[in-house]
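Every number here is computed from the coordinates shown, using simple stated rules; none is lab data. Because the structure is predicted, anything quoted here is derived from the model rather than measured. Every residue, glycine as well, gets a Cβ built from its backbone with ideal geometry; the counts of neighbours run over all protein chains shown.
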Amino acid sequence: MHLHSSPTTYIMSGYTVVNQVANSVDGHAPGIDFTVSSTTVRGQRFLSGWRCSQTFHNVINNKLASTSKTRHNINPATEQPNAEVPVSTHEDVDHAVSCARKAFKPWSETPLEKRREALLAFADAISTHEKDFAHLLTLEQGKPLSQASQEVGMGVTWIKAFCAMKLPEEILEEDEEKKVINRYTPLGVCCAIVPWNYPVLLALGKIGPCLYTGNTMIVKPSPYTPYCDMKLVELGTKYFPPGVLQILSGGDDLGPMLTAHPDIDKISFTGSSATGKKVMESCAKTLKRITLELGGNDPAIVCEDVDIQKVIPKVSLGVLSDADVDMSELTPCDVDCPTVLPVLEPDLHDDQAAIRARENIPAIPRGVDRAHQDSQVR
């Protein structure tokens, strides 16, 4: 993980830090709405057929903002449309960047301990709504509810782990005339481009270190999974000053608007290698710093001494986990079905392995745990 800061050497006689942080927001986005249709999701009240909340907004300067044009994604399990979300414009990008730039100086001068307190309070709030976020994640992304809960919980764990990190200062030289200090300093306005396979975990994995080290952040969720990220940032308005944490929803044109913007200092991108190349090219024009976490896949090699009947279901499940977009997932080779190969057993041909794997695929549930089909989201 990158802390979105850089070690910088200063020659200085001394420095001061402004001890000021906003613990609440004056009436803007005071809570988080997890209503589904007209019913509030709380505790164990998870019923199949419920849809996402009807209220999803951009968050700019701690205010909920709508756009004239909207879009929606599809519930992977039911193939029904989820709620409408904003489609951001150049004007929305300029406004969010301007607010982030204005918020950067006071936030970067806020003592580290105060920033830590805000992030830990944010993490605790996410934990309070863990079941709500998990339910919403299953509705928009399709992973089983148990995996969605694990993702939300791991995101909270990551934030707390970031907050335990030290940002040490090292005095390299000191005498009557000067003091040379090596320390980590904030970069400025950062942008997180989040993929759809782990929208909660990877958003929090970018938000945590960015805000902890004194930067401001604009989150751009995947067009396929904007819902949880928008609610995460809405929740963040209760814990961070205006402009520190914002989110913009949009289509495929939103990413290029952000990577090309001259007043964004860093892009943190997770996604495909092909798109990563475009991100790097765009950022180079303004000499932005970038962190690229790009997709990679590994072949499944099945050796001749294994029980093929046992291994095919296991590898089929590995390939299909998160729809085969997990950075650590297996990739099929040489067959027309996403399954196990190459198969090195002499008497088992590729087409036979593919047929057996196809037969196993229908047994893998979508968006629901096999052991909890009666009580969890279908």
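Just a few scattered comments:
- Karplus 3J(HN,Hα) series, Hz, for the stretch 266-272 with 6.51 cos²θ - 1.76 cosθ + 1.60 (x for Gly, Pro): 8, 10, 10, 10, 10, x, 6
- Between the amide H of Val302 and those of Leu344, distances stay under 5 Å, these residues lying 5 or more places away or on another chain, with hydrogens modeled in the peptide plane.
- Near-label residues of the stretch 100-140 by backbone N, under 20 Å of a point 7 Å along Cα→Cβ of Lys166: 111-117
- Computed E for Ser146/Asp305 - FRET, C-beta separation, R0 51 angstrom, nearest 0.05: 0.95
- Scaled to the globular estimate 2.2 N^0.38 Å, the Cα spread of the stretch 60-146, given as radius of gyration, is 1.45.
- Under 5 Å from the amide H of Met217 lie the amide H atoms of Cys190, Leu245, Gln246, each residue being 5 or more positions distant or on a separate chain, with H modelled from the backbone and absent for Pro and chain starts.
- For Thr270, the amide hydrogen comes within under 5 Å of the amide hydrogens of Ile193, Glu293, counting only partners 5 or more places away or on other chains and with H modelled in the peptide plane.
- Convex hull volume of the stretch 158-235 per residue (C-alpha atoms, cubic angstrom): 103
- Theoretical gain in end-to-end length, Leu112 to Lys278 [0.36 nm per residue, Cα-Cα removed]: 56.3 nm
- Backbone N atoms of the stretch 145-179 closer than 17 Å to the 7 Å Cα→Cβ label point of Ser127 belong to residues 149-165.
- Cross-link pairs exceeding 22 Å between alpha carbons, from the set Lys220/Lys288; Lys69/Lys278; Lys102/Lys277: Lys69/Lys278; Lys102/Lys277.
- Taking other Cβ atoms within 10 Å as a rough exposure proxy, Glu304, Glu117 sort from fewest to most as Glu304, Glu117.
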